[in-house]
Amino acid sequence: MAQQQAQVKFTAVKPQLMVKTPKAVDAVNFYKSAFGAVEAGRSACCPPPTAEQNLPNILCAQLELAGCSFVVYNDGSAPQKIEGIGNQLCLETDDVEAAISKAVSAGAVVEGEVTEGGGACCGGRVGKVKDPYGYVWLICSPSNKCAPVEA
């Protein structure tokens, strides 16, 4: 007799951004300053792992941004990005240029020019910034609604 599989319901998707230890504190401050993220909680280990480190060592911090949450954490084994492989995070806003300017003021670097997008995520204007921790953020105007396409 076949055993019935249990139904699984996921309640959230939380991207986890690994940063080289001990940069999580700096990364959290960057995401607050650049994108207006709000810290929802953090866990820290004390005492700090080294005598030179004055700030608490964040194990992880949960941030809220545009109705979603993501986690930033220290990881001494955080992989170095291999060119051409990785991920991007997409933020939607009505003022792409102002959002890019704010991110750059906080320490991000612009990658390329603002263009008119054509992809599923960004159907309008789109610009790219790389944060100080190596993550690429697409800053997009709201995408146009597309007609459904059969799979």
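Below, the figures for the structure above:
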| read-out | value |
| --- | --- |
| 5 angstrom amide H check on GLU92, placed H, neighbours 5+ away | CYS140 |
| Extended-chain gain in nm, criterion 0.36 nm per residue less alpha-carbon gap, GLU111 and LYS20 | 30.6 nm |
| Distance violations [Cα-Cα > 25 Å] among LYS23/LYS102; LYS9/LYS32; LYS20/LYS130 | LYS9/LYS32 |
| FRET efficiency estimate (nearest 0.05) - Cβ-Cβ, GLN5 to GLN88, R0 25 angstrom | 0.15 |
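We did not get these values from a lab; they are worked out from the coordinates using the rules stated. Worth saying up front: this structure is predicted, and the values here are computed from it rather than measured. Counting neighbours? That spans all protein chains shown, and the Cβs are built from the backbone with ideal geometry, glycine included.
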